[in-house]
Amino acid sequence: MNREELNGEFNRNVKNAPRQPKPLRKLKRIDNSKPSQPVYHGLHEAPSIDISIEEEKPRRRAPEPKQTYYGLHEKGRAGDIVEGDEFDDFDDYDYGNEKEGKKSKKDVIIKTSSILMSLVVIVALFLNMPILWYKKTGQPDQRVSIIKYFKLWQPLVDLEGELEKPQTNLNVDTDIVTDDFTDGLDLPQLVEGQYTVLFLGFDEDQELTDVIWICQFDIAAAKLHILQIPRDCAVPNYTSNPTTKINSVYYEGYDQEVSKIQRVVNCVQDNFGVPIDAYVTTACFDIVDIVNLIGGIPIHLDNEIIYEADKIIPAGDVKLSGEQAEWFVRFRHEWLQGDIGRVQNQRRFMAAAMQKLLSIVKDEGKMKLYSYLKTIYQNKWIATNMSVADLSKLADFGSTLQMENVSVNMVPGEDAMYYAADGVEYSIYSIHKRATLDLINESFRPYQLPLLMSDSNIIEYVQEYEYQYDLYDDTGITFEELETATEPLRNPDMKPAWKEYEE
């Protein structure tokens with residue numbers, strides 16, 4: 001039988017034979033990483049088709065979610081374990097997706113923190129870059145950062161204006177204030193070691209300065225000295241008002257070429273020899289708002305105060321409201337010594353206000369005190385040339401003072417009558433010059449040389465050999481002593497007529 005006959009017989013047998021299922025061909029993974037090699041096909045083999053099947057990744061048992069139901073025959077449930085050598089890393093996975101989740105959260109926190117820190121650094125660099133021009137009268141323009149600009153910012157200076165530097169020699173005591181001397185508080189001071197603020201309180205018309213206080217912060221010694229200047233002090237060389245009283249200098253001062261506040265500052269410096277670094281002014285109606293803001297001022301009154309028939313402050317332990325505080329500091333009708341009695345009574349208010357300041361810091365914290373200062377600034381209840389930072393530093397310093405280290409004095413002098421050129425007789429306060437300079441040298445020039453008689457422009461209407469009394473030559477008292485001080489003497493003849501009728 002030849003080859004052709006054999007092939008024919010083979011084909012007939014194959015055709016008549018029962019058809020068997022073809023065995024499944026095992027599919028193999030194609031390794032694409034190696035260049036493909038030519039594959040040999042048999043002569044009669046049908047053309048083959050390459051089928052690439054991605055190798056199935058080994059199934060891993062995922063952590064069973066809490067409170068999740070799996071069907072009895074459901075594949076992939078928590079109890080199923082896939083056999084095979086490919087699952088040799090099961091032990092590593094035992095820490096599971098939970099560990100990977102923790103890593104992911106940790107990575108997110110780290111990345112977020114890094115971004116935030118970068119932003120903080122960028123913002124800090126930007127805020128500290130000298131990109132703004134700061135201009136101030138009497139000083140050269142300078143480039144400053146945003147932070148520095150905010151610290152130097154004087155939002156309320158436009159209400160009164162900037163102060164000029166004193167033209168006279170400050171006579172700094174170089175034995176104390178050496179080149180390396182510092183008080184530790186960064187303030188724009190004329191004399192290192194001290195910072196002096198002139199406080200003025202206006203009447204309703206904001207023309208007369210009925211309250212005049214020199215507040216000197218002795219920073220190096222951690223003390224505060226206050227000098228009260230009676231509003232009736234005679235300063236004839238500084239005002240055109242026929243009364244010659246110092247409370248008229250602001251509005252009717254001779255020197256019209258300077259600002260109103262500068263007139264008062266010049267008068268104070270020339271007469272009392274205390275260099276003024278800054279000022280704070282407020283009106284009587286602003287005191288109402290400030291006192292109400294901080295929640296009132298607790299104080300003890302020996303007797304009731306009748307400011308007017310319908311404006312009465314009861315005796316005993318009271319908390320002065322804003323309106324009552326105004327009545328208290330302005331009351332003078334029944335005091336035996338008139339305006340001097342009012343000045344002395346104002347000391348008690350200062351001491352009570354100081355106690356309130358300390359209680360705010362103690363009970364509510366310094367940030368609360370700063371928030372009150374911010375509100376006062378925003379509402380413009382005061383005028384000042386101090387920056388926000390300067391005022392905060394002083395408030396912070398004041399909150400650390402001990403009451404025994406805060407003292408208050410009044411300018412020595414006596415009441416007198418002055419006959420003006422217009423023929424009118426005025427009641428004034430004649431300053432005792434020598435006693436005043438002694439007081440100044442003792443308490444208000446700690447870092448300067450003593451002030452001489454020739455250095456002061458004080459004019460006495462009552463000469464030293466003609467003094468009637470020296471009752472007011474030594475009126476110093478500490479705030480600690482003021483806590484138990486009684487009110488000034490009252491004049492029984494000045495008792496309101498309607499009150500006498502009731503009694």
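The values are calculated or read from the model by the stated rules, or taken from the named source; none is laboratory data. Predicted, not measured: the structure shown is a model, and the values here were computed from it. Quick reminder, even Gly has a Cβ in these numbers, built from the backbone with ideal geometry, and neighbours come from all protein chains shown.
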Next item on the list: Looking only at region 309-329, decide whether some residue is in contact (Cβ under 8 Å) with a residue 40 or more places away in the chain, closer than 20 Å to residue 200 by Cα and part of a helix (DSSP H, G or I).
Entry: yes
Item checked: Residues of region 289-304 satisfying the condition of being over 19 Å from the mean Cα position of the chain (by Cα) and crowded, with 19+ Cβ neighbours inside 10 Å -> 297, 299
Margin query: Restricting to region 267-282, and then to whatever is in contact with a Phe, Trp or Tyr (Cβ under 9 Å, 6 or more places away or on another chain) and in a helix (DSSP H, G or I), can you tell me which residue is surrounded by the fewest Cβ atoms within 10 Å (Cβ to Cβ)?
Written below: 270
Notebook entry, point to check: Are any of the residues in region 157-177 modelled with pLDDT under 70 and over 29 Å from residue 273 (Cβ atoms)?
Noted result: yes
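So, in region 355-381, of the ones that are among the hydrophobic types (A, V, I, L, M, F, W, C) and either more than 17 Å from residue 285 (Cα to Cα) or over 16 Å from the mean Cα position of the chain (by Cα) (or both), which residue ends up surrounded by the most Cβ atoms within 10 Å (Cβ to Cβ)?
Initial filter on region 355-381 (among the hydrophobic types (A, V, I, L, M, F, W, C)): 357-358, 360-361, 367, 369, 373, 376, 381.
So of that shortlist, the ones also either more than 17 Å from residue 285 (Cα to Cα) or over 16 Å from the mean Cα position of the chain (by Cα) (or both) come out as 357-358, 360-361, 367, 369, 373, 381.
On the way: 357: 17, 358: 17, 360: 18, 361: 17, 367: 8, 369: 20, 373: 15, 381: 18.
The extreme case among them is 369.
Looking at 310, 286 in this structure, which one is out of contact with any Cys (no Cβ under 9 Å at 6 or more places or on another chain), over 30 Å from residue 431 (Cα atoms) and surrounded by fewer than 18 Cβ atoms within 10 Å (Cβ to Cβ)? Steps first, answer last, please.
Values: 286 fails: surrounded by fewer than 18 Cβ atoms within 10 Å (Cβ to Cβ).
Just a single option satisfies the conditions, and that option is 310.
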Check: Of the residues 416, 352, 395, which single one is within 29 Å of the chain's Cα centre (by Cα) and farther than 22 Å from residue 486 by Cβ?
Finding: 395
Next item on the list: Could you check, for region 185-201, whether at least one of its residues is free of Cβ contacts under 8 Å to residues at least 24 places away in the same chain and at negative phi?
Entry: no
Next item on the list: Answer yes or no as to whether residue 347 is touching a Leu at 6+ places or on another chain (Cβ under 9 Å), of a type in the set (D, E, K, R) and either in a helix (DSSP H, G or I) or at pLDDT below 95 (or both).
Entry: yes
Item checked: First in region 345-366 and touching a residue at least 40 places away in the same chain (Cβ under 8 Å) and over 23 Å from residue 211 (Cα atoms), second anywhere and surrounded by fewer than 17 Cβ atoms within 10 Å (Cβ to Cβ) and among the basic types (Lys, Arg), Cβ under 7 Å, 6 or more apart -> 360/368
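Could you list, in sequence order, the residues of region 417-435 that are in contact (Cβ under 8 Å) with a residue 60 or more places away in the chain and touching a Ser or Thr at 6+ places or on another chain (Cβ under 8 Å)? Before you say what the answer is, go through the steps one by one.
To start, the set of residues in region 417-435 that are in contact (Cβ under 8 Å) with a residue 60 or more places away in the chain comprises 418, 420-422, 424, 426-431.
418, 420, 426, 428, listed by residue number.
When residues of region 412-448 are filtered for being among the small types (Gly, Ala, Ser) and buried (at least 19 other Cβ atoms within 10 Å of the Cβ), how many remain?
In the first step, residues of region 412-448 are kept if they are among the small types (Gly, Ala, Ser); the result is 413, 416, 420-421, 423, 427, 430, 435, 443.
Checking the rest, the ones that are also buried (at least 19 other Cβ atoms within 10 Å of the Cβ) come to 413, 430.
Residues in region 412-448 being among the small types (Gly, Ala, Ser) and buried (at least 19 other Cβ atoms within 10 Å of the Cβ): 2 in total.
Filtering region 465-503 down to residues that are part of a loop (DSSP other than H, G, I, E, B) and of a type in the set (Val, Ile, Thr), which residue is modelled with the highest pLDDT? First the steps, then the outcome.
Let us first name the residues in region 465-503 that are part of a loop (DSSP other than H, G, I, E, B), namely 467-476, 483-489, 491, 495-496, 503.
Then drop every residue that is not of a type in the set (Val, Ile, Thr), which leaves 475, 484, 486.
Values: 475: 93, 484: 88, 486: 89.
Looking at residues that are part of a loop (DSSP other than H, G, I, E, B) and of a type in the set (Val, Ile, Thr), I get 475.
Answer yes or no: is there a residue in region 450-466 that is hydrophobic (A, V, I, L, M, F, W, C), closer than 30 Å to residue 402 by Cβ, surrounded by 17 or more Cβ atoms within 10 Å (Cβ to Cβ) and touching a residue at least 60 places away in the same chain (Cβ under 8 Å). Break it down into steps so the answer makes sense when it comes.
Step one: list which residues in region 450-466 are hydrophobic (A, V, I, L, M, F, W, C), which gives 451-453, 458-459, 462.
Next, only the ones that are closer than 30 Å to residue 402 by Cβ stay: 451.
With surrounded by 17 or more Cβ atoms within 10 Å (Cβ to Cβ) added as a condition, the list becomes 451.
Now drop any that are not touching a residue at least 60 places away in the same chain (Cβ under 8 Å), which leaves 451.
Taking every residue of region 450-466 in turn, at least one turns out to be hydrophobic (A, V, I, L, M, F, W, C), closer than 30 Å to residue 402 by Cβ, surrounded by 17 or more Cβ atoms within 10 Å (Cβ to Cβ) and touching a residue at least 60 places away in the same chain (Cβ under 8 Å).
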